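The structure appears right after this line, and notes come after that.
The values are calculated or read from the model by the stated rules, or taken from the named source; none is laboratory data. This structure is a prediction, so every number in the text was calculated from the model and none was measured. Cβ: placed from backbone, ideal geometry, glycine included. Neighbour counts: every protein chain shown.
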Amino acid sequence: MSELKANTDKTHKDIDSEDQSNSIEENGVKPLDDAVEKAIELFRKIREGGNVDLTEKEIAEIDKECEIIRNREVITKDLEHKPTEIIDKGGKIVTGPPTLTRFERARIMGARALQLSLGAPVFIEIPKNATSSLEIAMEELKQRVIPIVIKRTLPNGDYQHIPIDQFE
């Protein structure tokens, strides 16, 4: 009895999957064609503008434009963009403003102050009035001696690595 039920279930699954694959093959092209035809109908309505009295020349022009739309290549799959590095020529900053943003400045000073507080070597002569690692980090940033590179990223994933000494 259980073998009969298993065979019946298998048969139903095979038939269902065949029906789905056939409907996808048939409908794979049809919905796209329907969408194009609906778009052409809407375009025609807009171009006619509710005007019943169109000349033959205007009708021919609208038909020609509709045919152009019908013959356009329809892109159904967008190709994935692979992020690439933007290479600057001559030390130009291509991505973003030519100066450090306040967020970049804060991040650099915070990271460098943490490094200094954990015993990293100082790149400048320590000012006499400096009382904290943050003040030393601020002075290092002002003199542009910190060996940190900023990575600026565009919305499409492209990026540029910019050394701090290139900023104004």
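Which one of E37, E56, E48 is more than 30 Å from Y159 (Cα to Cα), in contact with a Leu (Cβ under 9 Å, 6 or more places away or on another chain) and either surrounded by 13 or more Cβ atoms within 10 Å (Cβ to Cβ) or not assigned by TED's automatic domain parsing to the domain that holds N156 (or both)?
Values: E37 fails: in contact with a Leu (Cβ under 9 Å, 6 or more places away or on another chain); E56 fails: in contact with a Leu (Cβ under 9 Å, 6 or more places away or on another chain).
On inspection, the qualifying residue turns out to be E48.
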Margin query: Just to be sure I understand the filter: pairs with C-beta atoms under 6 Å, separated by 6 or more residues or on different chains, first member in region 111-128 and over 17 Å from K142 (Cα atoms), second member not in a loop (DSSP other than H, G, I, E, B). Which pairs pass?
Written below: S117/S133
Check: In region 133-168, which residues are charged (D, E, K, R) and touching a residue at least 40 places away in the same chain (Cβ under 8 Å)?
Finding: R152, D158, E168
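Here's the yes/no breakdown for (1) modelled with pLDDT under 90; (2) aromatic (F, W, Y); (3) surrounded by fewer than 11 Cβ atoms within 10 Å (Cβ to Cβ):
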residue: R70; (1), (2), (3): yes, no, no
residue: V74; (1), (2), (3): yes, no, yes
residue: K82; (1), (2), (3): no, no, yes
residue: D88; (1), (2), (3): yes, no, no
residue: V94; (1), (2), (3): yes, no, no
residue: L100; (1), (2), (3): no, no, no
residue: R107; (1), (2), (3): no, no, no
residue: A113; (1), (2), (3): no, no, no
Check: For region 25-47, does any single residue satisfy the condition of being modelled with pLDDT of 80 or more and among the polar types (S, T, N, Q)?
Finding: no
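Residue by residue, here is whether (1) part of a helix (DSSP H, G or I); (2) of a type in the set (V, I, T) holds:
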position	(1), (2)
N129	no, no
E139	yes, no
K142	yes, no
V145	no, yes
R152	no, no
P155	no, no
Q160	no, no
Next item on the list: Taking D165 as meeting all but one of (1) at pLDDT below 90; (2) in a loop (DSSP other than H, G, I, E, B); (3) among the charged types (D, E, K, R), write down the number of the exception.
Entry: (2)
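Table: residues versus (1) within 30 Å of K45 (Cα to Cα); (2) more than 24 Å from the chain's Cα centre (by Cα).
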{"position": "I75", "(1), (2)": "yes, no"}
{"position": "V94", "(1), (2)": "no, no"}
{"position": "R102", "(1), (2)": "no, yes"}
{"position": "A111", "(1), (2)": "no, yes"}
{"position": "L116", "(1), (2)": "no, yes"}
Next item on the list: Take region 59-91 and flag every residue that is part of a loop (DSSP other than H, G, I, E, B) and farther than 20 Å from N156 by Cβ.
Entry: N71, R72, E73, V74, T76, K89, G90, G91
